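> This is the structure, below, for whatever I ask next.
The values are calculated or read from the model by the stated rules, or taken from the named source; none is laboratory data. Keep in mind it's a predicted model, so treat the numbers as computed, not measured. Positions of Cβ are generated from backbone atoms using ideal geometry, with glycine treated the same way; all protein chains shown enter the neighbour counts. Just so you know, the surface numbers come from the protein's heavy atoms only, side chains and all, with ligands and any DNA or RNA stripped out. Shrake-Rupley method; radii C 1.70, N 1.55, O 1.52, S 1.80 Å.
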Amino acid sequence: MQWLSLVLLALMSGIAWRAELEWRGGWAGLTWITYFHWAIPVCGLAFVSWVVRVTRVQRPSTLAVSLVVFFSLSYVVFYQLNLHMSRWVVLPGLMQWMVWSIPVFWALLPLAFGLICRASGASVRISSMLASCVLFVLSWPLSIFVRSFFEERGSPDTVHALKSGFVIPFLIVVLGFPLLRRPSRV
């Protein structure tokens, strides 16, 4: 049941992102990068609610607040990095370093998420956290591949994987799977 609820949450989040994008700015052009997407906090809070519901911790409210703060700070950091990245193009070597380091920084999100859950008392295996880190990065090329079967608008790249919302379900499932309880052995 936990798997099903995670997959449904992930799919609904991708749909919410895409619906907001189509409704507010439309597919054409770059209008979608000029406004705040309400799907981010709404779906983020839904994910935090899912996490609190499926984990067994002594203080669920502390876990919830910690995750809201973590996801809010992560959003601000990535938003600011994206906003200022165009300034770094003029610095020799820095832009190239940034491009190569993005997967490393991206992999730190599920690692930090898992550590916050563990610190709150959730049963999360280190191996699951590390697998989540790798799969979190691989969600981008996988979503580009899957998107190619369903949609032809836009290029097969990370920008359109995000714009279309196809990457969102992959990211959510990969982030949540370390929290899923394994069936007990008899």
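> When you go through SER61, SER13 one by one, which is the residue that is surrounded by 14 or more Cβ atoms within 10 Å (Cβ to Cβ), among the small types (Gly, Ala, Ser) and within 30 Å of ARG125 (Cα to Cα)?
Only one candidate qualifies: SER13.
> Just to be sure I understand the filter: pairs with C-beta atoms under 8 Å, separated by 6 or more residues or on different chains, first member in segment 156-167 and in a loop (DSSP other than H, G, I, E, B), second member of a type outside the set (Gly, Ala, Ser) and open to solvent by 50 Å² or more (accessible area, probe 1.4 Å). Which pairs pass?
From residues that are in a loop (DSSP other than H, G, I, E, B), the pairs are SER164/ARG153; GLY165/ILE15; PHE166/PHE150.
> Under 9 Å between Cβ atoms, which residue pairs at least 6 apart in sequence (or on different chains) link something in segment 102-128 that is in contact (Cβ under 8 Å) with a residue 24 or more places away in the chain and within 16 Å of LEU180 (Cβ to Cβ) with a partner that is open to solvent by 80 Å² or more (accessible area, probe 1.4 Å) and of a type in the set (Ser, Thr, Tyr)?
The qualifying pairs are CYS117/SER123.
> Which one of these does TRP3 not meet: (1) open to solvent by 90 Å² or more (accessible area, probe 1.4 Å); (2) under 15 Å from the mean Cα position of the chain (by Cα)?
(2)
> Would you mention how many residues in segment 112-127 are more than 13 Å from the chain's Cα centre (by Cα) and surrounded by fewer than 17 Cβ atoms within 10 Å (Cβ to Cβ)?
Qualifying residue count, segment 112-127: 8.
> Which members of segment 19-36 meet the condition of being open to solvent by less than 80 Å² (accessible area, probe 1.4 Å) and among the aromatic types (Phe, Trp, Tyr)?
Answer for segment 19-36, where residues must be open to solvent by less than 80 Å² (accessible area, probe 1.4 Å) and among the aromatic types (Phe, Trp, Tyr): TRP27, TRP32, TYR35.
> Right, ARG56: more than 23 Å from LEU9 (Cβ to Cβ) and modelled with pLDDT under 95 or not?
Here the answer is no, as ARG56 does not meet what is asked.
> Taking segment 46-67, which residues are aliphatic (A, V, I, L, M), part of a helix (DSSP H, G or I) and more than 25 Å from SER101 (Cα to Cα)?
ALA46, VAL48, VAL51, VAL52, VAL54, LEU63, ALA64, VAL65 - these are the residues of segment 46-67 that are aliphatic (A, V, I, L, M), part of a helix (DSSP H, G or I) and more than 25 Å from SER101 (Cα to Cα).
> Scanning for something in contact with a Cys (Cβ under 8 Å, 6 or more places away or on another chain) and on the phi < 0 side of the Ramachandran plot, does segment 142-158 turn up at least one residue?
Scanning segment 142-158 turns up no residue that is in contact with a Cys (Cβ under 8 Å, 6 or more places away or on another chain) and on the phi < 0 side of the Ramachandran plot.
> Name, by its number, the condition in (1) polar (S, T, N, Q); (2) within 19 Å of the chain's Cα centre (by Cα); (3) farther than 22 Å from VAL124 by Cβ that does not hold for SER72.
Evaluating SER72 over (1) polar (S, T, N, Q); (2) within 19 Å of the chain's Cα centre (by Cα); (3) farther than 22 Å from VAL124 by Cβ leaves (3) as the failure.
> If a residue must be open to solvent by 70 Å² or more (accessible area, probe 1.4 Å) and either small (Gly, Ala, Ser) or at pLDDT 90 or above (or both), how many such residues does segment 93-110 contain?
Looking only at that region, the number is 1.
> If SER86 passes every condition in (1) under 20 Å from THR158 (Cβ atoms); (2) surrounded by fewer than 18 Cβ atoms within 10 Å (Cβ to Cβ); (3) at pLDDT 95 or above but one, which one does it miss?
Answer for SER86: the failing condition is (3).
> Looking at (1) in contact with a helix residue (DSSP H, G or I) (Cβ under 8 Å, 6 or more places away or on another chain); (2) open to solvent by 40 Å² or more (accessible area, probe 1.4 Å); (3) modelled with pLDDT of 95 or more, which is the only condition THR158 fails?
All conditions are met except number (3).
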